[in-house]
Amino acid sequence: MASSFGIDIGTKKIKVVMLQGDQNRQSLKSCMSVDMPGPGMLSESSFDLEEIAETIRQLVKDANISTSIVNAALPDSAVYSKVVFIPEMSTKDLSNAIYWEAEQNIPAPLATLNLSYQQLRKREVNGDTMLEVLIVGAQSSMVKKYRNVLEMAGLKPQTLETEIISVIRGINLTSKSPTTLIMNVGRFNTSIVVVEQGIISFIYSIPLGSVAISRAVMTQFNLAEEQADQYIKVYGVSNQQTGEKIANVIQPILQSLLTEVRKALAYYSEKNKQASTVGQIILSGQLSSLSGIDVFFVKNLGMETVIANPWKMHAIEKVPKQILDTDTDYATAVGLALVDYEK
Ligand SMILES: Nc1ncnc2c1ncn2[C@@H]1O[C@H](COP(=O)(O)OP(=O)(O)OP(=O)(O)O)[C@@H](O)[C@H]1O
Ligand SMILES: [Mg+2]
């Protein structure tokens with residue numbers, strides 16, 4: 001049985017997941033997280049990066065991870081992703097067309113990016129056959145930094161992808177799943193994707209994250225960040241006493257996130273007139289730990305809303321109850337470990 005290893009290097013936590021199995025069945029071998037030391041991966045100081053590498057080395061040891069080959073994710077804020085329509089053409093012409101599309105659509109000099117693309121599907125648009133292509137431009141400096149840190153930790157980075165792609169894999173959508181909007185809320189960044197018949201058809205990222213929620217509560221109640229986050233987690237958007245006060249403070253930020261979802265839904269139905277409409281929303285990342293958030297979404301958007309749980313969605317075996325209940329925390333790391341079992 002082959003083992004697979006995913007590492008999620010977040011802004012606050014570093015998480016590792018090791019699975020064992022094959023394409024059809026996987027079980028959990030190991031799963032652990034630690035706090036990110038110092039200022040995290042945005043730092044340019046080699047001292048900070050060595051400290052992160054050392055933390056990873058220790059984590060891998062403590063988690064008893066027996067392979068050094070690892071899949072990792074870059075933060076979506078360091079990667080430009082865009083789905084574009086291109087007329088059907090030869091593979092040779094396609095790479096030129098991709099370059100041109102990237103120049104039009106990516107607001108950064110292409111020389112600073114690692115550019116890649118993936119053909120998603122063919123679609124009839126006004127009687128013409130168009131290719132739908134995912135263009136991904138990752139900041140070369142970040143790719144280099146992540147590879148460096150992982151290598152300094154004694155690991156061999158294999159796949160390096162943008163986080164939302166790992167989250168989508170963690171969610172397990174197939175060609176039979178309803179069209180799904182996924183919203184992954186990180187501390188500084190939120191990504192939204194629409195997945196149709198198991199394939200991405202819309203993807204974008206905004207610089208708004210849960211830190212806005214933390215700051216609002218910290219300011220209003222004069223709390224330290226840790227404490228504010230505890231309150232937010234416990235009370236969420238509930239309507240009871242203390243909960244109501246917290247809910248009032250975080251409402252404006254939740255409303256901005258709802259606005260983004262509405263915009264994405266409108267854009268998607270406008271762009272893909274003949275495609276199916278979105279049937280469900282899946283929440284992952286920090287928003288999903290807010291109690292009552294799914295009901296809040298259902299109420300405001302009138303659409304079925306589910307919290308992502310990669311363990312349950314992939315029926316991963318031998319997951320202890322307390323980890324099974326962490327819902328979305330390990331979505332990225334599980335998605336990364338699952339790269340190795342892709343069909
Ligand atoms: N909804 C929330 N609002 C505020 N703080 C939260 C929320 N959810 C989690 N947190 C805090 O953030 C901490 C780390 O969360 P998480 O593991 O998602 O971070 P991360 O993966 O490092 O972040 P990111 O993926 O954005 O870089 C949690 O332990 C908790 O204290
Ligand atoms: Mg994270």
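Please treat every number below as a calculation from the coordinates, not as lab data. The structure presented is a predicted model; accordingly, all values stated were derived computationally and were not measured. Cβ atoms come from the backbone with ideal geometry, glycine included; neighbour counts cover every protein chain shown.
Entry note, the chain: relative contact order of 20 percent, from Cα contacts under 8 Å with a spacing of 6+ residues.
Working note: Cα gyration tensor of the chain, eigenvalues times five, square-rooted, sorted largest first, giving semi-axes of 30, 27, 21 Å. Where Lys and Arg each count +1 and Asp and Glu each count -1, what net charge lies around residue 169 among other residues with Cβ under 12 Å from its Cβ? Once positives and negatives cancel, what remains is -3. Springs join every pair of Cα atoms under 10 Å in this Gaussian network model of the chain, and among 54, 161, 88 the largest mean-square fluctuation is at 88.
Comparing mean-square fluctuations of 148, 300, 105 from a GNM of the chain with C-alpha springs under 10 Å, the top value falls on 300. With a Förster radius of 22 Å applied to the beta-carbon distance between residue 25 and residue 325, the computed FRET efficiency rounds to 0.50.
Between residue 299 and residue 92, how high is the FRET efficiency from 1/(1 + (r/R0)^6) when r is the Cβ-Cβ distance and R₀ = 41 Å? Nearest 0.05.
Result of the calculation: an efficiency of 0.20.
Per residue, the average separation of C-alpha pairs within less than 8 Å and at least 6 apart gives the stretch 1-146 a relative contact order of 20 percent. Counting Lys and Arg as +1 and Asp and Glu as -1 over every other residue whose Cβ lies under 12 Å from the Cβ of residue 199, the net charge comes to +1. Residue 58 to residue 262: extension gain in nm, 0.36 nm per residue of separation minus the Cα-Cα distance? The residue 58-residue 262 span can extend by a further 69.1 nm.
I'd like the distance between the alpha-carbon centres of the stretch 37-53 and the stretch 56-86, rounded to an integer number of Å. If you average the Cα positions of each part, the centres end up 16 Å apart. Can you give the log10 of the normalised intensity I(q)/I(0) at q = 0.11, 0.19 Å⁻¹, computed with Debye over equal Cα scatterers of the stretch 173-313? Normalising to I(0) and taking log10 leaves -0.41, -1.09.
Among the trypsin sites (Lys or Arg not before Pro) found in the stretch 99-184, those both in a DSSP coil and sparsely packed, with 10 or fewer other Cβ atoms within 10 Å of their Cβ, are 176. Taking 185, 60, 261 as the candidate residues, the one with maximal mean-square fluctuation in a Gaussian network model of the chain, Cα springs under 10 Å, is 261. Per-residue ellipticity at 222 nm from helix content only, as computed over the chain with -39500 (n - 2.57) for each DSSP H run of at least four residues, stands at -12000 deg cm²/dmol. A viscosity of 0.692 mPa s and a temperature of 37 °C, combined with the Kirkwood radius over Cα pairs in Stokes-Einstein, give a translational diffusion coefficient for the stretch 1-148 of 182 µm²/s.
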